[in-house]
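Asks: Dropping the structure in here first, questions after.
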Amino acid sequence: MEHGLPLLQPEKLKDPAFLQELESYHANLFIVVAFRMLPAEVWKMPELGTFNLHASLLPQYRGAAPINFAIINGETETGLTTFFLNEEIDKGAIIMSEKVSIRPDETAGELHDALMERGKQIVINTIRKIEENLAHAMPQEVADSQPLKTAPKISKEFCDLPLYLDCTRAYNHVRGLSPYPAAHVVLRSEHGQAIDMKVFASAIERTEHHLPVGTVVTDNASHLKIALSDGFLHLVSVQQAGKKRMPVADFLRGTQLKGAWKVVNKG
């Protein structure tokens, strides 16, 4: 809008008025980035087709949340793929792909921003290939020895930190959901007081202990950690319901956890 570009925001993608206006541009090519499934009436409209930028190395991590699930699953590598749309979600012929490394401490938000910058160039390169008739799109092939990992839409329930996870998987769960929608824990005291909070950053302390999984350990000053099967998960950056995000030390200054506390997430 700032640059005077036309912006269409239809409530229904099959709305005849929207389709008519879209067709009036006589576009040779449509480009899709971070959008929902398009009806055939839209993606079949341009003579050169419609291509999509997807934030994974297809066919791995088809779905709505490829960045999140790559981190949650502990991957060290992901990537970007451009492909022509067809009737199935994220299954069209691949035009280009590019591998991108994932740092051990990288969050979903940080990886998103890195892929966004790299994505600009792969989109431009894909346009040039199509323009020069060099886009030799290849059908997606699934190797029998490599099971497909999916990336479905993340539900509110999925954000609850599962207590059956070991420290590494719990840490990956937190960073894979940070900063949005964010991992979630509910702390409950022996007297029934409950504290809901989002967790944006965590740290691992691997050690033997004899505490029940889910036990909360804190000095009420600098650290707050949750007992897991192979150690503790330190909560580093949190947001209590109705308050702003803060370091855990700031949270503890305003909320003293007296007595015994535990995590009561359903997981």
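The values are calculated or read from the model by the stated rules, or taken from the named source; none is laboratory data. As the structure is a computational prediction, the values presented were derived from the model and not from experiment. As a convention, Cβ positions derive from the backbone with ideal geometry for all residues, glycine included, and neighbour counts pool all protein chains shown. Only protein heavy atoms, including side chains, enter the accessible area calculation; ligands, DNA and RNA are left aside. Shrake-Rupley method; radii C 1.70, N 1.55, O 1.52, S 1.80 Å.
Asks: Please give the length that would be gained between residue 193 and residue 25 if that part of the chain were fully extended, namely 0.36 nm times their separation in residues minus their C-alpha to C-alpha distance (nm, one decimal).
Replies: 54.5 nm
Asks: For the pairs 91/120; 12/149; 12/44; 12/120; 91/153; 44/91, flag any whose C-alpha to C-alpha distance is greater than 19 Å.
Replies: 91/120; 12/149; 12/120
Asks: Can I ask one more? Of 248, 57, 199, whose Cα points farthest to the positive end of the dipole of the chain (charges on the beta-carbon: +1 Lys, Arg; -1 Asp, Glu; origin at the Cα centre)?
Replies: 248
Asks: Protein chains only, probe 1.4 Å: how do 96, 116, 1 rank by accessible area, largest first?
Replies: 1, 116, 96
Asks: Another one. What longest region of the chain stays clear of chymotrypsin sites (Phe, Trp or Tyr not before Pro) that DSSP places outside H, G, I, E and B and that have at most 16 other Cβ atoms within 10 Å?
Replies: 36-163
Asks: Would you look at the GNM of the chain, springs on alpha carbons closer than 10 Å, and say which of 172, 125, 52 moves the most?
Replies: So, out of 172, 125, 52, the one fluctuating most is 125.
Asks: At a probe radius of 1.4 Å, what is the per-residue accessible area of residue 223, in Å² to the nearest 10?
Replies: 50 Å²
Asks: Compute the orientation-averaged projected area for the range 64-150 from the convex hull of its Cα atoms and round it to one decimal in nm².
Replies: Mean projected area for the range 64-150: 6.3 nm², to one decimal.
Asks: Roughly how many percent of the accessible protein surface of the range 125-231 is carbon and sulfur, given a 1.4 Å probe and a whole-percent answer?
Replies: Working: 3190 of 6190 Å².
Looking at the range 125-231 in its full context, I get 51 percent from C and S.
Asks: What whole-number value in Å² describes the accessible area per residue of the range 40-126 for a 1.4 Å probe? Please report the intermediate quantities before stating the final value.
Replies: Working: 3790 Å² over 87 residues.
For the range 40-126, the solvent-accessible area averages 44 Å² per residue.
Asks: Against the longest alpha carbon principal axis of the chain, how many degrees, from 0 to 90 and to the nearest 10, is the axis of helix 167-176 turned?
Replies: Orientation of helix 167-176: about 50 degrees from the principal axis.
Asks: Net charge within 12 Å of residue 15 by Cβ-Cβ distance, Lys/Arg positive one each and Asp/Glu negative one each, not counting residue 15 itself?
Replies: -1
Asks: Quick one: angle between helix 108-131 and the longest Cα principal axis of the chain, in degrees between 0 and 90, rounded to 10, please.
Replies: 10 degrees
Asks: Please calculate the 1.4 Å probe accessible area of residue 250, with all protein chains present, and give it to the nearest 10 Å².
Replies: Rounded to the nearest 10, the figure is 60 Å².
Asks: Quote the relative contact order of the range 63-131 in percent (integer), defining contacts as alpha-carbon pairs under 8 Å separated by 6+ residues.
Replies: Values: 70 pairs, mean separation 22.2, N = 69.
This gives 32 percent for the range 63-131.
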